[in-house]
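Reviewing the structure listed below.
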Amino acid sequence: MNRTILYTILLLAFLTASGFSLYFYHQSQVDNEKISVMLTSQQDLPRYHFVLIGEEMNHEYWRLVGQGAKAAEKDFDVFVEYVGPKRSNPDEQLKLFDMAIKSKVDGIIVQALNDQFTPLIDQAVEQGIPVITIDTDSEGSMRGVYIGTDNYEAGQLAGKSLVEDTKGEATVAIISGSFDHDLHRLRVKGFTDIVEQINGIEIVAIEEAAISRVDAEEKAYNMLAEHDNITAFYGTSSYNGVGIVAAAKSLKKESEMYVITFDAIDENLQLLKNGEINAIVEQQPFEMGYTSVEKMIDMIKDKPFDDVYHTELSIIRDVDLPIRNHQKDGDS
Ligand code: BGC
């Protein structure tokens, strides 16, 4: 081989090796940059990851619960993953609960609608994941804390308001959100325990109507058709009042009907303003969401906590609306 060929080969080899070196040097710089971006963003991640499982995402009450929890994120260095079925579906809630346990999140906040939630609550706690029940409790489970309405007391409050507003004279129909769910059972029990003490009040019908306005309207319509002496309705969940009013209107009975229902959602407040609903039992969904995150942090950090936090309850009538609106304007 002559010298020129040899030098050319050596030169080519040198150039190729330098090219590779430069390429790998550049790549390592890029990779280092990626790693440092990843590390920085990991440092920026919140310290805790909680899952909050509600009953129905497409619902004003549950949106407020979610907003409360989200508002607590920055105060407590938490990311709250807010999940739930689009429409009420306890089986789907149970699946979401199971997934949260398998993902080993730092805490689970769940509405314990019925007994099927108890084994999952216990399983989570046994695996070291603290659980808080919200809106509906599971007293017999290993949950650390319950945050929400005292549902029996809420039923009593509704009963007392009906007695007061109807001067103790009424033929009553009840629409429950569900016969199987504890919170609705307690709201009915609290109510009947009060009104049954009053001679002029008689309960003539009770039906369940999921938590949808369509169901409530159908049930109220059938009840009114069957008992034409009904003068008052009590609804135990947010959209019952809307359904009751629609049914009474279609049978032209709205002017003589007394209606009391749950939750200060916009539609109910509008019906109260129009005089079509007479009283609303107000719960505090935003506060429930916020406090659930706050108390979960207390549990994790071994700070003292109570096992039950009952949020405030009140009755709103049309006379209360101006003060309420005034307070709201003051807040904003
Ligand atoms: C109850 C919730 C329920 C909602 C549905 C509220 O009054 O507290 O449990 O999901 O009504 O309408």
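The values are calculated or read from the model by the stated rules, or taken from the named source; none is laboratory data. Note that the coordinates shown come from a computational prediction; the quantities given were computed from them, not determined experimentally. Every residue, glycine among them, receives a Cβ derived from its backbone with ideal geometry; neighbour counts consider all protein chains shown.
Quick look at the values:
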{"read-out": "Qualifying residue in the stretch 153-171 (condition: assigned to a helix (DSSP H, G or I) and β-branched (Val, Ile, Thr))", "value": "yes"}
{"read-out": "Any hit, the stretch 193-200, residues being buried (at least 21 other Cβ atoms within 10 Å of the Cβ) and free of Cβ contacts under 8 Å to residues at least 60 places away in the same chain", "value": "yes"}
{"read-out": "Within the stretch 250-275, tally of residues that are basic (Lys, Arg) and free of Cβ contacts under 8 Å to residues at least 12 places away in the same chain", "value": "1"}
{"read-out": "Residue in the stretch 271-278 that is away from the ligand (no atom under 14 Å from the Cβ) and either assigned to a strand (DSSP E or B) or of a type in the set (Gly, Ala, Ser) (or both) present", "value": "yes"}
{"read-out": "Filter result for the condition that a residue is within 19 Å of the chain's Cα centre (by Cα) and at pLDDT 95 or above, over 121, 174, 194, 198", "value": "121"}
{"read-out": "Number of the condition not met by residue 64 [criteria: (1) at pLDDT below 95; (2) within 20 Å of residue 296 (Cα to Cα); (3) surrounded by 14 or more Cβ atoms within 10 Å (Cβ to Cβ)]", "value": "(1)"}
{"read-out": "Hey, residue 269 within 16 Å of residue 223 (Cβ to Cβ), of a type in the set (A, V, I, L, M), in the same structural domain as residue 191 (by TED's automatic domain parsing) and surrounded by fewer than 20 Cβ atoms within 10 Å (Cβ to Cβ) or not", "value": "no"}
{"read-out": "Residue identified as more than 13 Å from the ligand (Cβ to nearest atom) and crowded, with 17+ Cβ neighbours inside 10 Å among 288, 296", "value": "296"}
{"read-out": "Checklist (1) modelled with pLDDT of 95 or more; (2) closer than 16 Å to residue 173 by Cβ applied to residue 256, failing item", "value": "(1)"}
{"read-out": "Residues within the stretch 57-106 that are in a helix (DSSP H, G or I), closer than 23 Å to residue 122 by Cβ and either of a type outside the set (Gly, Ala, Ser) or within 12 Å of the ligand (Cβ to nearest atom) (or both), tallied", "value": "12"}
{"read-out": "Entirely in the stretch 189-268, the strands (runs of 3 or more DSSP E) that have 3 or more residues that are within 14 Å of the ligand (Cβ to nearest atom)", "value": "258-262"}
{"read-out": "Criterion violated by residue 315 - all others in (1) touching a residue at least 24 places away in the same chain (Cβ under 8 Å); (2) more than 15 Å from residue 143 (Cα to Cα); (3) part of a helix (DSSP H, G or I) satisfied", "value": "(3)"}
{"read-out": "Pairs with Cβ under 8 Å, 6+ apart, first in the stretch 54-79 and under 19 Å from residue 131 (Cβ atoms), second modelled with pLDDT under 95 and more than 16 Å from the ligand (Cβ to nearest atom)", "value": "79/45"}
{"read-out": "So residue 186, is it in a helix (DSSP H, G or I) and in contact with a strand residue (DSSP E or B) (Cβ under 7 Å, 6 or more places away or on another chain)", "value": "no"}
{"read-out": "Residues located in the stretch 107-140, provided they are over 21 Å from residue 179 (Cα atoms), among the β-branched types (Val, Ile, Thr) and in contact with a Ser or Thr (Cβ under 9 Å, 6 or more places away or on another chain)", "value": "109, 121, 125, 131, 132"}
{"read-out": "Condition met for residue 128 (crowded, with 18+ Cβ neighbours inside 10 Å, away from the ligand (no atom under 13 Å from the Cβ) and either closer than 30 Å to residue 78 by Cβ or at pLDDT 95 or above (or both))", "value": "no"}
{"read-out": "Residue check for residue 294: over 18 Å from residue 150 (Cβ atoms) and not assigned by TED's automatic domain parsing to the domain that holds residue 131", "value": "no"}
